[in-house]
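Nothing in this text is a laboratory measurement; each read-out follows from the coordinates by a stated rule. This is a predicted model, so every value here is computed, not measured. We place every Cβ from the backbone using ideal geometry, glycine too, and count neighbours over all the protein chains shown.
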Amino acid sequence: VGAQADFTAVVMPHLDEAYNLARWLTGNAADAEDVVQESLMKAFKHFAGFRGPEARAWLLTIVRRAAFTWLSANRPRQLVLTDDEAGIEAQNRATIVTLHPKAAETPESLLAEKQDSAILNAAVEALPAPFREMVVLREIHGLSYKEIAAIAEIPIGTVMSRLARARALLLARLGASPFGRSGGLANGR
Amino acid sequence: MADNPVGAAMDCKRAQLLINAYLDGELDLSGSLELEAHLAECPNCRAQQEELARLGRRLRGGLENHVAPEDLRTRLEQMTTQVRHLGPAQTTRARASAWPRRPLLALAASVLIAIFASGGTTYLLMQPASQDAVAAEVVASHIRSLMADHLVDVVSSDQHTVKPWFDGRLDLAPAVIDLKAEGFPLVGGRLDYIDGQPVAAIIYQRGKHLINVFAWPSTETKEGPVRALTVRGYNLLTWSSGDLTYWAVSDVNGKDLAALQHLIAQGAPPTPE
């Protein structure tokens with residue numbers, strides 16, 4: 001029984017979530033590992049001062065800060081939010097075209113599903129970081145607006161408006177869902 | 001209170017914003033009513049709502065959830081262990097800020113006590129090994145129920161449907177309460193198999209999270225205290241009540257799970273038969 005044992009019990013269960021957030025924010029596995037390692041060391045160091053009941057939110061806040069520090073040093077352009085959504089949109093459209101996965105020998109419907117997932121992930125990856133983190137925290141981590149506000153250190157109203165803008169961008173980029181309607185990709189076009 | 005004429009006040013731009021909060025279950029009642037009134041009259045916003053709902057389903061089903069690489073986990077576990085085993089000379093800096101004056105066990109206890117104090121009773125117990133094995137099974141069963149598309153055998157938000165369904169299949173009558181008003185709508189029931197016996201699984205929802213509550217005949221004679229543990233990132237609570245052992249498991253936060261536990265343990269409100 002000691003600090004290490006308790007840290008393992010209280011903080012380590014959230015390692016996967018910490019890694020997922022870092023992976024989405026940095027955009028690659030190696031830097032995500034660095035960010036997580038740095039964050040966990042910081043968490044370990046300050047564990048003594050940790051009193052809150054929510055180890056998960058506490059850890060995600062540390063990871064999120066570390067990831068944004070990494071972004072500002074390595075990907076500063078991803079932090080820029082312009083009011084011109086069309087501008088972001090145009091800039092993103094150029095990259096999405098190249099992101100379609102190569103055709104493989106799979107049944108057509110399977111391929112379409114795989115493509116849908118790949119396109120979807122690429123579209124979220126292409127969002128500016130402050131929008132991307134909202135989508136990731138909401139749709140993958142399933143956090144409430146209040147929890148997201150605490151982790152991202154912004155007001156709840158900003159969470160709402162950023163999520164709305166992020167989704168509007170995604171809809172503009174992705175167009176209509178191929179599976180949400182009768183017909184769709186599998187039927188050819 | 002001066003009411004707005006329903007549906008008249010909202011423009012489409014504001015509606016776009018509120019649709020997101022509405023679909024996320026984050027809009028309050030008056031906002032929801034206002035938005036619904038607008039949607040009833042505005043086909044464009046209705047179409048937008050459908051698009052956003054569809055996008056939400058695609059995102060939740062299609063976004064990659066990255067899992068920490070095993071070697072990262074191992075490395076971190078080693079690092080936290082090593083710091084502990086280094087002598088004082090090497091760890092002066094780490095020690096100064098990292099080590100608490102009182103044992104961390106007490107710290108962990110204060111966390112759990114904070115959770116349960118709100119539920120009216122304060123409990124903390126250490127877990128024997130055998131319970132860990134059951135906990136692992138409970139978590140595995142929870143994950144399986146979410147993955148295998150076999151969450152429920154009987155889909156109903158009506159406790160008067162779910163409870164008799166169990167009575168007919170298991171020789172036990174677990175507490176089944178619809179807690180929709182308290183924010184835990186009942187999803188349904190399922191038969192499962194844990195600790196070498198058939199068990200009842202009652203499924204509740206909290207926002208987007210699902211909670212499995214397992215019940216089987218208790219081996220303890222008395223009403224047991226509530227015990228909390230975390231396994232693979234999932235929160236678990238176990239307690240005994242009315243000859244039954246209960247296990248609640250979910251990825252919801254500990255506070256919500258404790259609230260649900262408290263509601264179930266309080267028992268069903270009197271209902272007309």
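Apply the a/c threshold of 1.5 to the C-alpha gyration tensor of segment B:152-273 and tell me whether it is rounded, prolate or oblate.
rounded
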Averaged over the residues of B:251-260, the number of partner chain Cβ atoms within 10 Å of each residue's own Cβ comes to 2
For B:Met10, A:Met41, order by how many other beta-carbon atoms lie within 10 Å, fewest first: A:Met41, B:Met10
Peptide A:6-18, shielding by other chains (average Cβ, 10 Å cutoff): 6
Can you work out the FRET efficiency for the pair B:Asp11 and B:Asp132, with r the C-beta to C-beta distance and R0 = 60 Å, to the nearest 0.05? 0.60
So, over other residues within a Cβ distance under 11 Å of A:Ala67, counting Lys, Arg +1 and Asp, Glu -1, the net charge is +1
Among A:Glu133, B:Glu36, which comes first, second and so on when ranked by fewest other beta-carbon atoms within 10 Å? B:Glu36, A:Glu133
Which whole number gives the average count of other chain Cβ atoms within 10 Å of the Cβ atoms across peptide B:24-33? 2
For B:Tyr193, B:Tyr246, ascending order of other Cβ atoms within 10 Å (fewest first) is B:Tyr193, B:Tyr246
As a quick test, which of the pairs B:Lys180/B:Lys255; A:Lys146/B:Lys13; A:Lys42/B:Lys255; A:Lys146/B:Lys255; A:Lys45/A:Lys146 have an alpha carbon distance above 21 angstrom in this structure? A:Lys146/B:Lys13; A:Lys42/B:Lys255; A:Lys45/A:Lys146
